[in-house]
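> Okay, here's the structure, questions in a sec.
The values are calculated or read from the model by the stated rules, or taken from the named source; none is laboratory data. Quick caveat, the model's predicted, so the values are computed rather than measured. For neighbour counting, all protein chains shown are included, and Cβ atoms are generated from backbone atoms with ideal geometry for every residue, glycine included. Ligands, DNA and RNA are stripped out before the accessible areas are found, and what is left, the full protein with its side chains, is counted by its heavy atoms. Shrake-Rupley method; radii C 1.70, N 1.55, O 1.52, S 1.80 Å.
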Amino acid sequence: MDLYKLIKNKVMGVLDKQKQKQAQKQINQQQLTQLNDIELKYLITLIGKSDFKGSDLQIIYSITAKLQNQLKK
């Protein structure tokens, strides 16, 4: 019975480590693909300070609106 518990604990420990690695991978992936508040504010400020041609204004407006919506969340 003690041997069973020992083996069970070892196996569960390995499985827990694998789950932790997967969770850390997901967190790292999110950090590489999602902008944080500082990055969003920087981009909005950069867009605000830039000069754009008339033909670009609609696209820039749309992008800026999306950035602001992400910042509100």
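> For a distance above 16 Å, tell me the whole-number percent of Cα pairs in the chain that qualify.
Of all Cα-Cα pairs in the chain, 67 percent lie more than 16 Å apart.
> Quantify, in whole percent, the carbon and sulfur part of the accessible surface of the chain (1.4 Å probe; protein heavy atoms only).
On the way: 4010 of 7060 Å².
About 57 percent, which is the carbon plus sulfur part of the accessible surface.
> Looking at the chain, how many pairs of lysines come closer than 25 Å at the Cα, when each pair is eight or more places apart or spans two chains?
Number of lysine pairs found: 20.
> Send over a whole-number figure in Å² for the accessible area per residue of the chain, probe 1.4 Å. The partial results should precede the final answer.
Working: 7060 Å² over 73 residues.
Each residue of the chain exposes 97 Å² on average to a 1.4 Å probe.
> Hey, another quick one. Between Gln20 and Glu39, what is the spin-label point distance in nm, taking each point 7 Å from the Cα along the Cα→C-beta axis?
Rounded to a tenth, the inter-label distance reads 2.7 nm.
> What are the ³J(HN,Hα) couplings of the stretch 49-61, residue after residue, when phi is run through the Karplus curve with 6.51, -1.76, 1.60 and θ = phi - 60°? Round to Hz, x for glycine and proline.
Taking θ as phi minus 60°, the curve returns 8, 8, 9, 10, 6, x, 5, 8, 4, 5, 5, 4, 4 Hz for the stretch 49-61.
> Using modelled backbone amide H atoms (1.01 Å from N, in-plane), which distant-in-sequence or interchain residues come within less than 5 Å of Leu35's amide H?
none
> Separate question: On a full-extension model of 0.36 nm per residue, what is the gain between Lys8 and Ile63, subtracting their alpha-carbon distance, rounded to one decimal in nm? Don't skip to the end; give the middle numbers.
Details: separation 55, 0.36 × 55 = 19.80 nm, distance 5.28 nm.
Fully extending the segment from Lys8 to Ile63 adds 14.5 nm.
> Now for a different question. In whole Hz, with x marking every Gly and Pro, tabulate ³J(HN,Hα) for the stretch 30-46 from phi via Karplus 6.51 cos²θ - 1.76 cosθ + 1.60, θ = phi - 60°.
Coupling constants for the stretch 30-46: 5, 5, 7, 10, 10, 7, 8, 4, 5, 5, 5, 4, 4, 5, 4, 5, 4 Hz.
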